[in-house]
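These notes are about the structure you will find just below.
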Amino acid sequence: MTNRTAATRYARALLDVAVKEKTDLDQVERDLAAIVDLFTQHTALSVLVNPVVPVPRKRAAMEALTAAAKLLPIVSKLLMLLAERDRLVLLPDLLTAYRDRLLQHRNIVRAEITTTAALPADKVKAIESGLARATGRTVSLSAKVDPGIIGGVVTRMGSTIYDGSVTRQLQRMKEKLSWT
């Protein structure tokens, strides 16, 4: 099992338990993000993901860390479980997976549009509402600029890409012309 797969399972379980216990889902995310930031900012904590360090030491370190950080009990329990199973290396992927699961739980889909020039805010809002109507979900839209697409729009929603760029149209024409 890959780290991403394991992290996704832990994230799913964390969200399920948080919903069942009526825990503040945003606070769970903030607590997880704070721990991941701690591991990122303080390289000395990277020793806790090293498999050479004995599990009892990892558990003791995580007990001290969770007590000092004043985390939600559900997050503290998860961190202790990860320390006991020597799976603290999963934390960054777990945070990403939890955020994705939280968006799914709230029926929100992330979308990104790429254009050759920056779009005005009203156009972005209009596209966002159009995508929301088309999907029946709330859309969190981000816009980005890439002059390399020559013209048109590339839209990404989850793992689906709608490529209406001039570059893609030219590629299609080239493929058709080379086959005939």
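Could you work out how far the C-alpha centroid of segment 130-180 sits from that of segment 58-122, in angstrom? Segment 130-180 and segment 58-122 have Cα centres separated by 30 Å.
For the chain, the share of alpha carbon pairs falling in successive 10 Å distance bins from zero is 9, 27, 23, 20, 14, 6, 1 percent.
Bridges between two residues of segment 35-180, per DSSP, are antiparallel at a rate of about 55%.
Count Lys and Arg as plus one, Asp and Glu as minus one, and take only other residues whose Cβ is under 11 Å from that of Ala11; the net charge is then +1. Estimated at 0.36 nm per residue, the fully extended path between Leu103 and Asp37 surpasses their Cα-Cα distance by 21.7 nm. Taken one residue at a time, the phi angles of segment 90-103 give Karplus couplings (6.51, -1.76, 1.60, θ = phi - 60°) of 7, 3, x, 5, 5, 4, 4, 5, 5, 4, 5, 5, 5, 4 Hz. Gly and Pro are set to x.
Among the GluC sites (Glu not before Pro) in segment 1-74, those placed in a DSSP loop whose Cβ has at most 11 other Cβ atoms within 10 Å are Glu21.
Only the coordinates and a few stated rules stand behind these numbers; no lab work does. Quick caveat: nothing in here was measured; it's all calculated off a predicted structure. Using ideal geometry, Cβ is built from the backbone for each residue, glycine included, and neighbour counts are taken over all protein chains shown.
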